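Accompanying notes for the structure given below.
The values are calculated or read from the model by the stated rules, or taken from the named source; none is laboratory data. Fair warning: this is a prediction, and the values are worked out from it, not measured in the lab. No Cβ is skipped: glycine too gets one built from the backbone with ideal geometry, and neighbour counts run over all protein chains shown.
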Amino acid sequence: MKGMIVKRQTLAFATLAAMIATTLHAQTVVIEPAQEITIREYVTAHPIEPIELKDVEVSVGAVLPETVELHRIDAQDLPYSYVVVDDRTLVVEPETRKVIHIIQ
C-alpha cells in the first residue's frame, strides 16, 4: 500500500512539473519598442535576401523549418535571430525556431 502511495505522489509530482514547464515555455516574448528600434536598425545595417516560405503560415508562434537559415541579431540583450519573408522581418527565437515578433 505504501509503495502505491509513493508511486501516485511521484506521478502527481511529474505531472505538475510537466505542466509548469509547458506553461513557462509557452509564455509570450514581448519585444519592447526600444528593442524593435534596435532590431530595425540592425536589419537595415545588415540586409539579407528575402526568402519564400512555402507550407508555413507566417504568424507569431509559427515554427520555422530547419531548412530556413536564421541570421543572428548581434545586439546587446537581444538573443534572437531574424529572417526576411517578403517585406516582413521575422524575429525568431533560435532555440525553438519560433517566430516571436513580426516587423512590417
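Before moving on, here are some points about what is shown:
- Some residue of region 55-67 being hydroxyl-bearing (S, T, Y) and in a helix (DSSP H, G or I): no
- Selection count where residues are surrounded by fewer than 10 Cβ atoms within 10 Å (Cβ to Cβ), assigned to a helix (DSSP H, G or I) and modelled with pLDDT under 85, scope region 21-54: 4
- Top-ranked residue in region 55-64 [being without any contact (Cβ under 8 Å) to a residue 24 or more places away in the chain and loosely packed, with under 12 Cβ neighbours inside 10 Å; ranked as farthest from V99 (Cα to Cα)]: D55
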